[in-house]
2 protein chains.
Amino acid sequence: MGQSMTDGFEQMWRDLAPLGRSAASGGYFRQPYTAVDGEVRTWFLEQCAARGLEVEADGNGNLVAWWMVRPLQGATEGADGSGPSGVLIGSHLDSVLDGGAYDGPLGVVSSLAAVDLLRERGVVPNRPIAVGAFAEEEGSRFGIACLGSRLASGSTTPAQAAGLRDREGVPLLDAMAAAGVEPSLGRAAWLDRVGCFVELHVEQGRDLVDRGVPVGLATAIWPHGRYRFDFTGEANHAGTTRMADRHDPMLTFAMTAMAAGRQAELTGQRATFGRLDVAPNGTNAIASRVTAWLDARAASEAELVRLVAEIEGQGAERADSDGTRLQVTAESVSGEVAFDAALTAELSAGLADRWGPVPAIPTMAGHDAGILAAAGVPTAMMFVRNPTGVSHSPAEYAEPADCLAGTEALADALEVLVS
Amino acid sequence: MGQSMTDGFEQMWRDLAPLGRSAASGGYFRQPYTAVDGEVRTWFLEQCAARGLEVEADGNGNLVAWWMVRPLQGATEGADGSGPSGVLIGSHLDSVLDGGAYDGPLGVVSSLAAVDLLRERGVVPNRPIAVGAFAEEEGSRFGIACLGSRLASGSTTPAQAAGLRDREGVPLLDAMAAAGVEPSLGRAAWLDRVGCFVELHVEQGRDLVDRGVPVGLATAIWPHGRYRFDFTGEANHAGTTRMADRHDPMLTFAMTAMAAGRQAELTGQRATFGRLDVAPNGTNAIASRVTAWLDARAASEAELVRLVAEIEGQGAERADSDGTRLQVTAESVSGEVAFDAALTAELSAGLADRWGPVPAIPTMAGHDAGILAAAGVPTAMMFVRNPTGVSHSPAEYAEPADCLAGTEALADALEVLVS
């Protein structure tokens, strides 16, 4: 193991650790275009500068840092003219609200450290390598997950994004400008120079623990979506209004939340209401409106459609009997993404000598890798073992030795691709 | 009907109408010690000044405006030395979040108009009359209903109140000072000059509509309380965490909310969850904590205890099976209040000539009248018909003719008391 890579990894991890960490929970609040996000971006730019990487800011909030050992023409086409040759690695630096330290940053830190390791090994890559840090991967501020990679690849249009506002009503473009990120939304130039993408990420489950291995590859991402459930009823006095006379959207929501949990459990899928907005949200008034966001995931697109339809149907039925109304709006839906089989097989074969058979597992979590894969970029993912499976939580964790193993495996994968 | 009283009433109603009204909902946001509250207080002071009433600000945010036709000694003792002689009328000017125009202001406007009407009639009261406007009756900002009258009568101590903060963490004392209301919490001097209190209020139910009469009297206030339910679980990834592995406090809350509604319906009581706070409140994370406030009311104190215990018990049982925790904290509990039977009978008899038999009905809503009654002040309440029964809602309404009838009945009641 490269000693200076190890030192570099640990130093980067220490530098990042305090940024955006809540003293109360120990969790992270790294929402895009906030002051904390500015510190995190500055940290990334400094790391790139220290390594002589050329940073490209794409106007969608994404940062892509290039290590070019040959002239730029090598970056736009393969030697045989077969397509762009750049190898993109990286992940994201933002977090969910009160999230963990690993989801996102582990992939960025490992990528920078993998560059260090290749240099220690004396590898002179015959393809350009780029380390990416994508913006608003979690959608924690503007509601659309993977917003940066969606914009860069065109799956979200600038017009759609220009209409986005955060919970306080601040438009995306204003937030970007206020943070000193010159907005210029739309398909990114760097995408035309990327021949493949390998994203390393902490596992968000216990598959690798159960298999007793530190590193895995991904097969596919489950289809998933976010759906806004607006339950509307009639505000009234909490004391004087007879129970039978009420049109209380809180009760309709409560039944719908229980139906969602039960339905997902019965079918082996996932359904979660984790975010709510209640009006007027007063103790002694029946609510007039409850807005709840459903996060739903299923093994196939047909199953996802059935799951959401079943939850909506049970909610609508209860709304009928409560005298309330339910309206469901799909805010973002991602179809199934199968990662590139040839690329994954190439990595798997290349890693086998040193790592033995590397398991390939599906994931229920969305990633920028899924967005770029859907946009036609040959893409693979690598996972690092998570001892508890916990993620999107202050308790998210990976062993330092596993993080370093992941970095080495990523460097090994790069060697396969750029040698 | 006094023409100038009618004009005065309508003018006051027009002047108040725009203050704190939401353009979006038509409902009112008149939270204490806000800019809007300042405008409302200024309006009240101007009305008192125009009538030559002497305003006493008690340092708890309450305003009590005296009409004294005889020297002050008459205000501290009855002619026979039997106790304080002042007759207090009035209500409150604050609202719930997105509330109606009538809950509170109708009692204050009617009281000022009743003073006008007595003067039109040439009545020279032999007891001082005071018009009160109580602070934070709804508890919409600092969480304790009837905070002003509780402080003035000693049922909430200054030390308890000094610890109160609003949802943004602003302490009560800072909010008062920032609003230019010099805080001096504690038992109010005016209370020693009050011999009885008659509060007029819009009905928050349909009893008077069903009986076909515009005005009623109150018998008692149901016992009621506010209870904070803290459900804590474990944040985790909404996609990757198997349903069976979750400790999701949202599901525990949902079951508890449904149990509350069902239990209240079965027993003829009231139970409402209208206010929620969720952490971290992100779409793709299972919640780590759901805090929900239960508003519960029952016909007797024993039934209230049983109702809350049953809801808590069902919630705790579900928490056990969800692997979450439930902690319940009573934030404020008010016992049953029976209004003064002798005073109510005197008013009923005095009103009968003109109004026929005036029904006496219980109410499930808390009022400042309940606080002063519990503090030993002989107290009665008058209700004005509400055609829909809706309250704590932008849709709250009373017919203008009924509002004027209520004002006349209040003036008639005053004549009974001060002649």
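The values are calculated or read from the model by the stated rules, or taken from the named source; none is laboratory data. Computed from a predicted structure; not experimentally measured. All Cβ positions, even for glycine, are placed from backbone atoms using ideal geometry, and neighbour counts span all protein chains on display. With ligands, DNA and RNA removed, areas are computed over all heavy atoms of the protein, side chains included. Shrake-Rupley method; radii C 1.70, N 1.55, O 1.52, S 1.80 Å.
Figures for the structure shown
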item	result
Selection from region A:373-386 of residues that are open to solvent by less than 50 Å² (accessible area, probe 1.4 Å) and more than 24 Å from A:R193 (Cα to Cα)	A:F383, A:V384, A:N386
Number of positions in region B:340-352 that are aliphatic (A, V, I, L, M) and open to solvent by 30 Å² or more (accessible area, probe 1.4 Å)	5
Which numbered condition A:R246 fails, given (1) within 13 Å of another protein chain (Cβ to nearest Cβ); (2) in contact (Cβ under 8 Å) with a residue 24 or more places away in the chain; (3) within 27 Å of A:G366 (Cα to Cα)	(3)
Residues within region B:217-232 that are open to solvent by 20 Å² or more (accessible area, probe 1.4 Å), over 30 Å from B:V384 (Cβ atoms) and in contact with a Lys or Arg (Cβ under 8 Å, 6 or more places away or on another chain), tallied	2
Selection from region B:280-296 of residues that are under 30 Å from the mean Cα position of the chain (by Cα), at the interface with chain A (Cβ under 8 Å from one of its Cβ atoms) and surrounded by fewer than 24 Cβ atoms within 10 Å (Cβ to Cβ)	B:W293
Test: residue in region A:300-319 that is of a type outside the set (G, A, S), touching a strand residue (DSSP E or B) at 6+ places or on another chain (Cβ under 7 Å) and within 9 Å of chain B (Cβ to nearest Cβ)	no
Within region B:312-403, strands (runs of 3 or more DSSP E) holding 2 or more residues that are farther than 30 Å from B:G261 by Cα and within 19 Å of the chain's Cα centre (by Cα)	B:379-384
Among (1) in contact (Cβ under 8 Å) with a residue 40 or more places away in the chain; (2) more than 7 Å from chain A (Cβ to nearest Cβ); (3) buried (at least 22 other Cβ atoms within 10 Å of the Cβ), the one test that B:Q269 misses	(1)
Residue count, region B:90-117 (criterion: of a type in the set (S, T, Y), touching an Asp or Glu at 6+ places or on another chain (Cβ under 6 Å) and more than 12 Å from every other protein chain (Cβ to nearest Cβ))	1
Pick from region A:1-25, criterion surrounded by 13 or more Cβ atoms within 10 Å (Cβ to Cβ) and not in a helix (DSSP H, G or I), ranking: farthest from the other protein chains (Cβ to nearest Cβ)	A:G2
Yes/no for A:V198 being among the β-branched types (V, I, T) and either open to solvent by 10 Å² or more (accessible area, probe 1.4 Å) or within 12 Å of another protein chain (Cβ to nearest Cβ) (or both)	no
Positions within region A:206-242 being at the interface with chain B (Cβ under 9 Å from one of its Cβ atoms) and in a loop (DSSP other than H, G, I, E, B), in sequence order	A:R206, A:W222, A:E234, A:A235, A:A238, A:G239, A:T240, A:T241, A:R242
Any chance B:F253 is in contact with a helix residue (DSSP H, G or I) (Cβ under 9 Å, 6 or more places away or on another chain), at the interface with chain A (Cβ under 9 Å from one of its Cβ atoms), part of a helix (DSSP H, G or I) and among the aromatic types (F, W, Y)	yes
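Let's see how each residue does on (1) over 22 Å from A:T267 (Cβ atoms); (2) crowded, with 19+ Cβ neighbours inside 10 Å:
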| position | (1), (2) |
| --- | --- |
| A:V305 | no, no |
| A:E312 | no, yes |
| A:E317 | no, no |
| A:S321 | yes, no |
| A:L326 | no, yes |
| A:V333 | no, no |
| A:A338 | no, no |
| A:R354 | yes, no |
| A:P359 | yes, no |
